[in-house]
Amino acid sequence: MGLLDGKTAIVTGAARGIGKAIALKFAQEGANIAFTDLVIDENAEATANELEALGVKAKAYASNAANFEDTANVVAEIHKDFGRIDILVNNAGITRDGLMMRMSEQQWDMVINVNLKSAFNFIHACTPIMMRQKAGSIINMASVVGVHGNAGQANYSASKAGMIALAKSIA
């Protein structure tokens, strides 16, 4: 019997890396896992198979987490497929490092959109479901650079500081 038996978790950006590790741990604790990534490729399929081997329901969803409408649609699909959403882990993230004087507007926008706007999009789509269920947990993956900053990572640091403030504000 696991700590998360009967729960459904959404983990964004979980085809590989930290997101995959989170999904695996949650599945080991009994949670069914819906996870997103920009594209569903062999990594995502392998992750889904690995999760299902732990005896839980798992499904990968292609999602541009930075797109508001796409996120609303994928959350609705996940809710339909799993029947509930108990946990949201906002993990999707990228880096486009560079010194501020060389950073393009595109580098700034990409990191803010994927790392911060995506969290807003998923929270916005999931909170009505969680409120109807009268329960739910939201985890925003941040970084120490969101508190202290880091040379060459103004965009990433700003996005992670935003994740920290977002979590505090919605709490």
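Readers should treat all values here as calculations from the given coordinates under stated rules, not as data from a laboratory. Source: prediction; values computed, not measured. Cβ coordinates were reconstructed from backbone atoms using ideal geometry, including for glycine residues, and neighbour counts include every protein chain displayed.
Just name one of A9, N43, S63: the one whose Cα is farthest towards the positive end of the charge dipole of segment 8-65 (beta-carbon charges, Lys/Arg +1, Asp/Glu -1). Ranked along the dipole, the leading option is A9. Only the Cβ atoms of Lys and Arg (+1) and of Asp and Glu (-1) were treated as charged; on that basis the dipole of the chain about its Cα centre amounts to roughly 560 debye. In this calculation the C-beta distance from M110 to A135 is compared with R0 = 25 Å, giving a FRET efficiency of 0.15.
Charge dipole (Cα centre; +1 on Lys/Arg Cβ, -1 on Asp/Glu Cβ; no other charges) of segment 1-79 amounts to roughly 280 debye.
Cα-based values for segment 8-170, radius of gyration first and Dmax second, are 15.7, 50 Å.
Backbone phi angles across segment 32-38, fed through the Karplus curve with coefficients 6.51, -1.76 and 1.60 (θ = phi - 60°), yield HN-Hα couplings of 6, 10, 10, 10, 10, 7, 4 Hz in residue order; Gly and Pro are listed as x.
Can you compute the charge dipole magnitude of segment 57-143 about its Cα centre, using +1 on each Lys and Arg Cβ and -1 on each Asp and Glu Cβ, nothing else charged? Give it in debye, rounded to the nearest 20. Each step should come with its number before you reach the end.
Numbers: 9 positive and 8 negative charges, 69 e Å.
Dipole magnitude for segment 57-143 comes out near 340 debye.
3J(HN,Hα) along segment 4-11: 10, 3, x, 8, 10, 10, 9, 10 Hz, from the Karplus curve 6.51 cos²θ - 1.76 cosθ + 1.60 with θ = phi - 60°, whole Hz, x for Gly and Pro.
With the simple model of a label 7 Å out from the Cα in the direction of the Cβ, A171 to R96 spans 3.1 nm.
Each of A72 and H124 was given a label point 7 Å from its Cα along the Cα-to-Cβ line. The distance between the two points is 0.8 nm.
Seen against the Cα atoms of the chain and their longest principal axis, helix 68-82 is set at about 20 degrees. In this label model, E52 and A151 are separated by 4.9 nm, measuring between points 7 Å along each Cα→Cβ vector. Extension gain, A62 to Q28, is 9.9 nm, computed as 0.36 nm per intervening residue step minus the present C-alpha separation.
With axes computed from alpha carbons, what is the tilt in degrees of helix 17-28 against the longest principal axis of the chain, rounded to the nearest 10 within 0 to 90? Approximately 20 degrees, to the nearest ten.
Under 5 Å between amide hydrogens, built in the peptide plane, is the criterion, and for A66 it picks out nothing among residues at least 5 positions away or on other chains.
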